[in-house]
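To keep things clear, I will list the structure first and then write my remarks on it.
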Amino acid sequence: MNNADLVIRNARVVRHDGEFHGGVAVKDGKIIMTGADSALPKAHREIDAGGRVLMPGVIDPHCHLGVKFPYAEDMRTELAAAASGGITTALLYIRNLKPSYIPFYEERKAVGEENAPIDFGFHFGIQREEHIAEIPEIIAKTGVRSFKCYFGYEPDNPIGIVPATDGWVYAAMRILAKVPGALINVHCENTQIASWLKNEIKATGRQDLGAYTESRPAFCEVETIRRMIFLAERTGCSLHLVHTSVGMGPVLAAEAQARGVSVTVETCQHYLTRTCYDKDLDMRAKISPPLRDQEEQDGLWRGIMNGSVYSLGTDHVPFLPKKGEDLWTEFPGVVSFPWELSLMLHFGVHQRGLSLSRLVQLNSAHPAQRFGLWPRKGNIEVGFDADMVLVDLDEERTVRHTGKGTCIYEGWKLKGWPVLTTSRGAVVYENGAVDESAYGRGRCLSVPA
């Protein structure tokens, strides 16, 4: 008689707080037992991990879907790509220009659940003043407690983002500070300084990627980080610094944490692996905030290694094919779902000695804890959802991008790849393919309490 639906044995099981050799038993989508192989029950399906690494599925807390392609299509194609990269939960930053988020949420939740192969949730972008007043109702009716304000975008930006004001941030922070588990996410760049410098550099006729970075230098981000930390300290609101591209970001956050401020830092794999002066990159590698120089990258790696970077996000956004015609009007953004984990294994674990437990902390435990998914997601422990990824640390594979959006890693040979992904106990990716039956199986995690 089988007592479990799935058992994975003979694995190096890695969690945020340590590791052990053995395996995991799963029933009804939940982990029911962990421990030595000999202690695990029989199961309907049993997998021999062959000594490979089994870790919690990656929680990607930062992506943008349905921006330039149909939302329903992106929820299939992009979240399938995510599953192939070991991602089992994706949190979308979504924007709505209408006065209310409630109908928008209901539509996005329903369409998402019809198509997604993995679980997903939402953060909402504050795009007009009415959204601030609506925050209490949004929380009550959608369960979303995470809101985003955008700096660094001029009003005529090519992707239609409505830039925030300090007043919007302060007003939202005052409301969110009173709600347990609520937080504000901020894209930190000084919009006015960047706009001024852009006009200066644009007048020179430069079209190289470095010109974009130099038009919004690191100090623009540092200044806004300082300002947002000041407002968070003033209001008592929890602050999450998204896609941090400057080495001072984790330093400033650590200093504020020592004063009792609830502030955390996210960075992205592209800031850890690419610079704006890489000779093989052109304007199509434009990202917002921009890729920076080696000094900033080194600073971010220090934060990864010393614990002051809290979490990782891909900032995955599939745009229509970039034209490569004009730096200043080119869409900013790249795709990274299938390679984030492999990039961190290659450049972090293999090249820099990053511990696997620290990687699990960055990729799974911390995002779950920050965004209200703990103790359901982010760990291999009894009672948690059986979201896991089996990794071959020694497999070497070359990046080949066949999907939508711009990849800045094409042709790179990386060491360490996900080979199997489970979402709530179902194997959704193995043998190089996503299970066709997985589409529409994903569930929205942003629901009313």
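The values are calculated or read from the model by the stated rules, or taken from the named source; none is laboratory data. These numbers were taken from a predicted model, which means no experiment stands behind them. Reconstructed Cβ throughout: ideal geometry from the backbone, glycine too, with neighbour counts over all protein chains shown.
Quick notes on this structure:
- When GLY405 is tested against (1) part of a loop (DSSP other than H, G, I, E, B); (2) in contact with a strand residue (DSSP E or B) (Cβ under 8 Å, 6 or more places away or on another chain); (3) surrounded by fewer than 21 Cβ atoms within 10 Å (Cβ to Cβ), exactly one condition is not met: (3).
- Qualifying residues in the range 409-432 (those that are assigned to a strand (DSSP E or B) and free of Cβ contacts under 8 Å to residues at least 40 places away in the same chain) - the one surrounded by the fewest Cβ atoms within 10 Å (Cβ to Cβ): LYS413
- Inclusion of GLY66 among residues that are among the small types (Gly, Ala, Ser), within 30 Å of PRO332 (Cβ to Cβ), out of contact with any Ser or Thr (no Cβ under 6 Å at 6 or more places or on another chain) and not in a helix (DSSP H, G or I) is warranted.
- Among residues of the range 331-351, those that are within 23 Å of LEU445 (Cα to Cα) and of a type outside the set (A, V, I, L, M, F, W, C), counted: 3
- Residues (more than 28 Å from CYS444 (Cβ to Cβ), in contact with a strand residue (DSSP E or B) (Cβ under 9 Å, 6 or more places away or on another chain) and of a type outside the set (Ser, Thr, Tyr)) located in the range 352-380: LEU356
- Inspection of the range 380-392 finds no residue satisfying the criterion of being more than 30 Å from THR142 (Cα to Cα), without any contact (Cβ under 8 Å) to a residue 12 or more places away in the chain and not aliphatic (A, V, I, L, M).
Condition check ((1) more than 19 Å from GLY383 (Cα to Cα); (2) surrounded by fewer than 19 Cβ atoms within 10 Å (Cβ to Cβ); (3) hydrophobic (A, V, I, L, M, F, W, C)) across all residues:
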| residue | (1), (2), (3) |
| --- | --- |
| LEU6 | no, no, yes |
| VAL13 | no, no, yes |
| HIS21 | yes, yes, no |
| PRO41 | no, yes, no |
| ILE47 | yes, no, yes |
| MET55 | no, no, yes |
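- Qualifying residue in the range 139-157 (condition: farther than 30 Å from SER215 by Cβ and acidic (Asp, Glu)): no
- TRP196 fulfils the conditions (1) free of Cβ contacts under 8 Å to residues at least 12 places away in the same chain; (2) aromatic (Phe, Trp, Tyr); (3) crowded, with 21+ Cβ neighbours inside 10 Å except for a single criterion, (3).
- Residue tally, condition basic (Lys, Arg) and under 17 Å from TYR429 (Cα atoms), over the range 377-396: 0
- Test: ILE59 is within 19 Å of VAL391 (Cα to Cα), touching a residue at least 40 places away in the same chain (Cβ under 8 Å), out of contact with any helix residue (DSSP H, G or I) (no Cβ under 8 Å at 6 or more places or on another chain) and assigned to a strand (DSSP E or B): no
- Residue match in the range 53-71 (condition: modelled with pLDDT of 95 or more, within 21 Å of GLN369 (Cβ to Cβ), among the hydroxyl-bearing types (Ser, Thr, Tyr) and touching a Lys or Arg at 6+ places or on another chain (Cβ under 9 Å)): no
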